[in-house]
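Beneath this line is the structure, given in structure tokens, with notes to follow.
The values are calculated or read from the model by the stated rules, or taken from the named source; none is laboratory data. Note that the coordinates shown come from a computational prediction; the quantities given were computed from them, not determined experimentally. Heads up, the Cβs are rebuilt from the backbone with ideal geometry, glycines too, and the neighbour counts pull from every protein chain shown.
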Amino acid sequence: MEGTAADADVIIVGAGPTGLMLAGELRLGGASVIVTERLAQPTGQSRGLGFTARAMEVFDQRGLLPRFGQGETLEISPLGHFGGVQFDYTVLPGAHFGARGIPQNQTEAVLEDWARELGVDIRRGWDFLDLSDGYLDGDGVEITVSTPDGVQQLRAAYLVGADGGQSSVRKAAGFDFPGTAATRAMFLADVTGCALRPRFLGERQPNGMVMAAPLAEGVDRIIVCPDGTPARGRDAEPVTFAEVAAAWQHITGEDISGGGAEWVSYFTDAARQATEYRRGRVLLVGDAAHIHLPAGGQGLSTGVQDAVNLGWKLAAVVTGTAPDGLLDTYHGERHPVGQRLLMNTSAQGTVFLGGAEADPLRALFSELIAHDEVKRHLAGIVSGLDIAYDFGEGGHPLQGLRLADRALVTADGEETGTTRLLHPGRGVLLDLADSPALRAAAAGWGHRVDVTTATAKPLDGADPLHGTAALLVRPDGHVAWAGDSIEELTDALRRWFGDAR
């Protein structure tokens, strides 16, 4: 893009939760951002009704939880399920099934307000049309967009597709998107005037599966999964309430056709993942990179985590504080997470949606989930708390793991917490041994890393920080290094935060 003025450092296509979270992260890192969104206004629809434990931690890392209107403590659900088999997620320390009852439109509104406060340029009614050649080896990208004032071009150093499962950016940039095609149609609706009894975990009937949960007075969220209903073609007519009501009656025998719907939607069991999350100067996040059967609220939550993993890295590259190669760690870290997401949701679909032939599998799952070790394993998968990035062999046991929130007392006697230290979106060196040598070693990275000397408040039981002199925590909350070696600390600082100044 030599000789051509850029409109922003980064253009993000898509103003859903993932795109907005990424935009905020980029601004915290000092990058300029334009978000284009084809919809002139948010739809107000909310497919998702909450987020997982790890996504909740991610929002807390940026101080966003109070913005959800329920104070600093959200209503969380200790009981969850895997494939419809219920169990207590708190058997895994720190885990729960997630924050529930939070409509996706509320999450989007919170993130949009935050992004705008940080200076993100959000352009609604701007529809991505095409991507110019040169994004693989050029020095920038140019896209064509349809706007309320006609067709325009926008230029940036990087382009990110956050535009959902049918991503136009993914297609224009030629990403491969292999996987399994949809085999069945399922319906989602917020219905009114139907007086339904709750079916929170779903109810299996000979002709399919249904779920129902009250949202407000007179309003119920329903999911209808009829057996033998083929997936619809892309050119099919939109789903109607009459179709949803007919499917509900076919499965349950209940007639809800006298009610109505605030909105209806449709989804499938298609499962696909991009083979690469980066092609030159184009990257993918969220549903643009991976689609799957909705199970456990993992889609939105995984997209938000994609954004937080990518944001600080991309900001560092475009502001010149890290080499371009840092972006390759985005694919290296998040692609395996996406693979496990498709694996676990597909497995849940087999258990949850299978007909009589799946009864033995459901019975076996019920037996297995009686064991605490199995509960911990499944709770870690769905909550997102088991994610461990591979930084190479050796290193401290905490390396690559997310740092759970821990109460601290600073050297000045101030009470704080590890999560609060991450609010600015910067790296943190947590000096737990009051070591002048470690602090001096990190001084050259003061432009990107904050240093805090503190002691951790004691825990009941095993303490993962016991005997640890210091931790280097990345802006996404994952431990980049732990120990007392100045040489190792310096190597980790240079690896993740570029050269010292």
So, restricting to helices (runs of 4 or more DSSP H) that lie completely within the stretch 345-442, which ones have at least 1 residues that are crowded, with 18+ Cβ neighbours inside 10 Å, at pLDDT below 95 and not hydroxyl-bearing (Ser, Thr, Tyr)? 359-368, 372-383
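How about the stretch 161-178: which of its residues are more than 13 Å from Glu37 (Cβ to Cβ) and either touching a residue at least 60 places away in the same chain (Cβ under 8 Å) or of a type in the set (Phe, Trp, Tyr) (or both)?
Step one: of the stretch 161-178, the residues more than 13 Å from Glu37 (Cβ to Cβ) are 165-167, 170-178.
Listed by number, the residues that qualify are Gly165, Ser167, Arg170, Ala173, Gly174, Phe175, Asp176, Phe177, Pro178.
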Within the stretch 181-196, residues being under 20 Å from Ala261 (Cβ atoms) and either at pLDDT below 90 or among the aliphatic types (A, V, I, L, M) (or both) number 7
Would you pick out the residues in the stretch 376-399 that are at positive phi and under 17 Å from the mean Cα position of the chain (by Cα)? Gly384
Quick check: is even one residue across the stretch 36-51 under 25 Å from Leu131 (Cβ atoms) and surrounded by 24 or more Cβ atoms within 10 Å (Cβ to Cβ)? yes
Being touching a residue at least 12 places away in the same chain (Cβ under 8 Å) and assigned to a helix (DSSP H, G or I) is the filter here; which residues of the stretch 455-487 pass it? Ile486
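Of the residues in the stretch 216-226, how many are more than 16 Å from Thr240 (Cβ to Cβ) and either of a type in the set (D, E, K, R) or in contact (Cβ under 8 Å) with a residue 40 or more places away in the chain (or both)?
Residues in the stretch 216-226 being more than 16 Å from Thr240 (Cβ to Cβ) and either of a type in the set (D, E, K, R) or in contact (Cβ under 8 Å) with a residue 40 or more places away in the chain (or both): 5 in total.
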Single residue of Thr452, Thr468 found to be over 25 Å from the mean Cα position of the chain (by Cα) and farther than 21 Å from Ala388 by Cα: Thr452
Answer with yes or no whether Leu408 is under 27 Å from Asp484 (Cβ atoms) and more than 18 Å from the chain's Cα centre (by Cα). yes
As an exercise: evaluate Gly320 against (1) in contact with a Phe, Trp or Tyr (Cβ under 9 Å, 6 or more places away or on another chain); (2) farther than 23 Å from Gly483 by Cα; (3) assigned to a loop (DSSP other than H, G, I, E, B) and give the number of the one condition it does not meet. (1)
Which members of the stretch 38-52 meet the condition of being among the polar types (S, T, N, Q) and closer than 29 Å to Thr147 by Cβ? Gln41, Thr43, Gln45, Ser46
When the residues of the stretch 261-275 are narrowed to those that are in a loop (DSSP other than H, G, I, E, B) and modelled with pLDDT under 95, which ends up farthest from Val191 (Cα to Cα)? Ala270
For residues in the stretch 171-192 being in contact with a Ser or Thr (Cβ under 7 Å, 6 or more places away or on another chain) and among the charged types (D, E, K, R), which is surrounded by the fewest Cβ atoms within 10 Å (Cβ to Cβ)? Asp176
Could you tell me which residue of the stretch 164-188 is farthest from Ala245 (Cα to Cα), considering only residues that are out of contact with any helix residue (DSSP H, G or I) (no Cβ under 6 Å at 6 or more places or on another chain) and part of a strand (DSSP E or B)? Gly179
Some residue of the stretch 107-120 being under 29 Å from Pro424 (Cβ atoms), of a type in the set (S, T, N, Q) and outside any loop (DSSP other than H, G, I, E, B): yes
Among Gly218, Gly258, Gly296, Gly228, which is out of contact with any Leu (no Cβ under 7 Å at 6 or more places or on another chain), loosely packed, with under 15 Cβ neighbours inside 10 Å, closer than 25 Å to Thr350 by Cα and at pLDDT below 95? Gly228
